[in-house]
Structures are given as C-alpha cells and as structure tokens.
Amino acid sequence: MSNAERRMFGLVGHPVGHSVSPAMHSAAFRAHHLPHIYSAFDVPTGSELARFVGDIRSGLIAGANVTIPHKRAVMPLVDEVDATAAEVGVANVLCAAEPRRVTAHNTDVLALRDELDLLLRSGAPRGDDAAGPHSAGPPRQRAVIIGAGGAAFAAIAACRMLGYHLISVTTRSWTSTEAMLESPAGERASELGALTMPWPIPSDRAVSSKSSVALRLNWTEFAVAADLIIQATSAGMLGGPPGEEVTSIIPWDSLSPDVRLYDVVYNPPVTPFLRIARERGLRASDGLGMLVGQAAQSFSLWTGLPAPVDVMRAAAEDSLRKATGNR
C-alpha cells in the first residue's frame, strides 16, 4: 500500500445512483496502490452544489467529477477555469488547487471526440491516412445533436474538431423560435458554431409561428442528410426521463444507411435510441467509452499519474453487468 495520504474524491450531480464512476475510480486507485476514496454525492440544488465546491476549497474533498444538471451551474462557483472548460462554457472535473482554490476543467470534449472518431471510421473502407488520424473515413459534413446541456456543448466542440462545419442542435425546451432565441443555452450553442432549431415536434402549448414551423421542417431535412446524430440528453438513462420522446423526432425511415449514431447514455447499455438504431441495422454506440475516456483524464489531473484505462473500463463494464443482472 502506498504511503500517500488518503483523500476523498467524488461525483456530484442529480441523479447519481446509476453511475459506475465509483467502481471505475476505485479500481484505478487500487491499481496504483493509492488509499483514496471515491463516492457519489447526490446534490439536487444549486445551494448544495455551492457547499460542495466549498468543501473542495476547504480541503475536505480533493476533487470531483461533475454530471447533470450541474456542468454549467458549477462554472461561476470556482476560482479558476481551465481553457478546456472555458472553451465550451461547461466543466465536468473540479480540482483542488493551492491556496484554497478550485479549478474547473473539461475532459468530456476530447473523450467524446475520440469515441466519435472511432464510430465514424467503423466499417469505412480503408484509405490513405496521410491527412491525419481524424480525417480518415467518409466525408464529415452534417452533424445533428439532440440536447443543450453540458454533453451537447462537448459534442459541438468535438464535432468541430472532427471537421464538421454544419452542426444542428435542438432540445425539448425550445418549444418555439422565441423560446430558443431567449435561451442562454441556445445563445451558447450559437457561439460555439452550431445552428439552433426548435424542437421538431410542437407541444400542445407551443406557439407555432411561421419561423418555428419552417425551422422544424429544416431540422428534419437536416437530420435526413446527416452523417452523424448524437443523443446528448439524459433521455433513456436509468433514473432519467423516458427515451421515447427523443426517438420520436428522428426520421428513421429516411436516414442514410451510412449514418452513425451516438448516445451519451451508458446505463442502461441499450437505450430506446440505440435499440431502434440497431434494429434498423445502423451503426450506433453507447456512451461508456466517453465515460471511461473522460474519467481517465480526470484521474491523471488529480493524481499526476497515468490512468489504468483497461482496468477502469473493465470495472465499469463489471459494474454495469451487476446493475443490469448480466443482461
């Protein structure tokens, strides 16, 4: 056993009962013979989040991962914002810094970029890779992102890294063009270079102006022509909202057979979004790889050590199998 002082790390969000992060990080600490502890903290309110950040500042907690719904809300609560978090306006990692300071980082973007790159190149004919590791495979033209939270902002940044110039974003709360334009999330998505569009299916209470109707039709046309669709909400997550509302906006019958689909949700391993995609023979991936990738970077930020990625992946998969009864 290491002589290192025992420190507390954790996951902060709401809900957190579905998370495999404690199993994953605990396995990583054991692999490096570190005595540290990692726990999940269910923090439903902003005031509780502020107190949690204060516990990091005071030294009670050495660092944390941040998940829904706090990735944006945590930004003004910290003392320093690393460039990785400043670029997208959201953070998923907090680190204690001296003296009594908290730094926010974002490890989601690079983790998601790498996962999307693997998905986009899967099944593609091998070509000349001379242009670089993120340029092989089919041309990357249009990406569609569902959601306007922290994962969606990471997805916009990741898509831009992968060469996408046309990126469309929609979310359930954008019931009209007016609601979208008045949304801070919509403004941020536009600043990141995405086209924002109202939710494609109007609600009973939505005011459908001519511009809202036109943009909804544009979204459907955009989705049909997309070569990448990312489900970046908590829909379908264990303990989260049902996934059918998200699947209902996808024009499944008109999608290209070459489209790739990615769901940031990893628990359960098969969401309604992934089930429909795979039933139609489309290439689709869940969010476990992104989870492991961002966690590995978190581990290195906290400890200064190389992350045991294979150990972390195995622990995450084992925890999922136990949670789902080996289904």
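The values are calculated or read from the model by the stated rules, or taken from the named source; none is laboratory data. Note that this is a predicted model, so its numbers are computed, not measured. A quick note on method: Cβ atoms are made from the backbone with ideal geometry, for glycine too, and the neighbour counts reach across all protein chains shown. These area figures cover heavy atoms from the full protein model, side chains too; ligands, DNA and RNA do not enter into them. Shrake-Rupley method; radii C 1.70, N 1.55, O 1.52, S 1.80 Å.
Some values worked out for this structure:
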quantity	calculated
Any strands (runs of 3 or more DSSP E) falling wholly within the range 50-123 and containing at least 3 residues that are hydroxyl-bearing (Ser, Thr, Tyr) and open to solvent by 30 Å² or more (accessible area, probe 1.4 Å)	none
Residue match in the range 119-130 (condition: hydrophobic (A, V, I, L, M, F, W, C), at pLDDT below 90 and over 20 Å from the mean Cα position of the chain (by Cα))	yes
Cross-chain or 6+ apart pairs with Cβ under 7 Å, the range 148-171 first and on the phi > 0 side of the Ramachandran plot, then part of a loop (DSSP other than H, G, I, E, B) and of a type in the set (Lys, Arg)	GLY163/ARG140
Leading residue by the ranking (least open to solvent (accessible area, probe 1.4 Å)) among those in the range 28-46 that are closer than 24 Å to PHE153 by Cα and not in a strand (DSSP E or B)	VAL43
Single residue of the range 131-156 satisfying the filter (modelled with pLDDT of 95 or more and under 14 Å from LEU228 (Cα atoms)) that is most open to solvent (accessible area, probe 1.4 Å)	ARG142
